[in-house]
Amino acid sequence: MHVTVVYALAHEQFIEELDVAAGTTAEEAVRTSGLMERCPEIDLAVHQLGIYAKLIKGSQELCEGDRVEIYRSLPRKPRSAHGADDKKERIRAKKARVEGADAES
């Protein structure tokens with residue numbers, strides 16, 4: 001059975017294509033791929049796994065053609081990051097309006 005295991009860093013991607021026996025679990029495929037040796041920061045107790053962007057448990061059996069994805073932790077949630085950036089932009093715009101009004105006076 002042919003499966004793929006992928007792990008992506010900010011500037012580098014790892015893709016391992018494997019032929020595994022029927023009944024192989026996602027966790028077994030990750031261990032077999034060799035990515036844990038190449039990327040020692042991968043910890044299956046911390047990192048989540050998915051198949052085509054759908055979260056799964058490591059014990060899930062794989063099917064032909066599955067793409068097992070190892071998800072790394074993000075430094076902050078994307079929505080929080082956007083919210084913080086939006087708030088900073090609003091503060092800058094307000095400051096610019098206040099400074100502009102002071103200059104006109």
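The values are calculated or read from the model by the stated rules, or taken from the named source; none is laboratory data. Just so it is clear, the model here is predicted, and its values are computed rather than measured. With ideal geometry, Cβ positions are generated from the backbone for all residues, glycine too; neighbour counts draw on all protein chains shown.
Quick notes on this structure:
- Of the candidates E17, E27, E69, E61, the single residue that is of a type in the set (D, E, K, R) and without any contact (Cβ under 8 Å) to a residue 24 or more places away in the chain is E17.
- Scanning region 59-105 for residues that are modelled with pLDDT under 85 and of a type in the set (S, T, N, Q) yields S73, S80, S105.
- Each residue in region 1-14 was checked for being among the aromatic types (F, W, Y) and touching a residue at least 40 places away in the same chain (Cβ under 8 Å), and 1 pass.
- Residue in region 1-17 that is nearest to the chain's Cα centre (by Cα), counting only those that are farther than 18 Å from H47 by Cβ and not charged (D, E, K, R): H11
- All positions within region 16-75 that are in a loop (DSSP other than H, G, I, E, B) and of a type in the set (D, E): E41, D43, E64, D66
- Within region 3-25, the set of residues being of a type outside the set (V, I, T) and closer than 13 Å to Y71 by Cα comprises Y7, A8, L9, A10, Q13, F14.
- Positions within region 1-52 being among the charged types (D, E, K, R) and within 15 Å of C63 (Cα to Cα), in sequence order: E17, D19, E27, E28
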